[in-house]
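Please read the structure below before turning to the comments.
The values are calculated or read from the model by the stated rules, or taken from the named source; none is laboratory data. Because the structure is predicted, anything quoted here is derived from the model rather than measured. Please note: Cβ atoms are built from the backbone with ideal geometry, for glycine as well, and neighbour counts cover all protein chains shown.
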Amino acid sequence: MEIYSDLYLVPLYMLLFSSTLTVVSVVFIVANFLEGFKALVFPVIYTIFMLGLIFIPCYHGSNIEEQSKKFINDLFACDWHQADHESKKLIVIMMENLKQPITLCAFGFGEINLDFFQKVLNVVYSMYAVVQNMQD
């Protein structure tokens, strides 16, 4: 699992970080410099797509976590007690390993899930408020 963390989560965090900064920039520009409906259409659509780029990995991270929690119950519910001795040992080992659910996590920033998406939205608003106050 460490190989996948090193390989995929570095670009994923870079994507999330750059998307967050992009959303803050576009929201700031829309709020302060653009007027009229035609001028707002592209930045608003762009912001929605950028939020979608942040949302998709967070959604799938939550889905992976939920499925790993469900899998341990499914293992217990199967007819493991009728299996041979080796299979019983493997199921017990799998259940022990799944006591801690599988999550997407890297750099100590926390797990990538819907809670992380909410934190990103809070950061976007906070950064926008700071930039807005600096302009005033």
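Do we find that Ser19 is among the hydroxyl-bearing types (Ser, Thr, Tyr) and over 21 Å from the mean Cα position of the chain (by Cα) in this structure? I'd like the intermediate steps shown before the answer.
Working: among the hydroxyl-bearing types (Ser, Thr, Tyr): yes; over 21 Å from the mean Cα position of the chain (by Cα): no.
So Ser19 does not fit the description; no.
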*Which residue pairs have Cβ atoms under 7 Å apart, sit 6 or more places apart or on different chains, and have a first residue in the range 46-71 that is at negative phi and a second that is of a type in the set (Gly, Ala, Ser)?*
Met50/Ser19; Leu53/Ser19; Ile54/Ser19
*Please verify whether the range 105-113 includes one or more residues that are modelled with pLDDT of 85 or more, touching a Ser or Thr at 6+ places or on another chain (Cβ under 7 Å) and among the polar types (S, T, N, Q).*
yes
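Out of curiosity, is Ile48 loosely packed, with under 14 Cβ neighbours inside 10 Å, of a type outside the set (D, E, K, R) and modelled with pLDDT of 80 or more? Don't jump to the end; show me each part of the working.
Details: loosely packed, with under 14 Cβ neighbours inside 10 Å: yes; of a type outside the set (D, E, K, R): yes; modelled with pLDDT of 80 or more: yes.
Taking the combined requirement at face value, the residue satisfies it.
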_Being β-branched (Val, Ile, Thr), in a helix (DSSP H, G or I) and within 28 Å of Met134 (Cβ to Cβ) narrows it down to one residue among Ile91, Ile64, Ile45, Ile72; which is it?_
Ile45
_Filtered residue count, the range 87-136, keeping only those that are more than 20 Å from the chain's Cα centre (by Cα) and free of Cβ contacts under 8 Å to residues at least 24 places away in the same chain_ = 16
*Failed condition for Val131, given (1) within 30 Å of Phe28 (Cβ to Cβ); (2) among the aliphatic types (A, V, I, L, M); (3) in contact with a Cys (Cβ under 9 Å, 6 or more places away or on another chain), with all others met?*
(3)
*Would you please name the residue that is farthest from Thr20 (Cα to Cα), looking only at residues in the range 94-136 that are assigned to a helix (DSSP H, G or I) and small (Gly, Ala, Ser)?*
Ala129
_Single residue of Ser68, Ser19 found to be of a type in the set (Ser, Thr, Tyr), surrounded by 13 or more Cβ atoms within 10 Å (Cβ to Cβ), in contact with a Pro (Cβ under 9 Å, 6 or more places away or on another chain) and at pLDDT 80 or above_ = Ser68
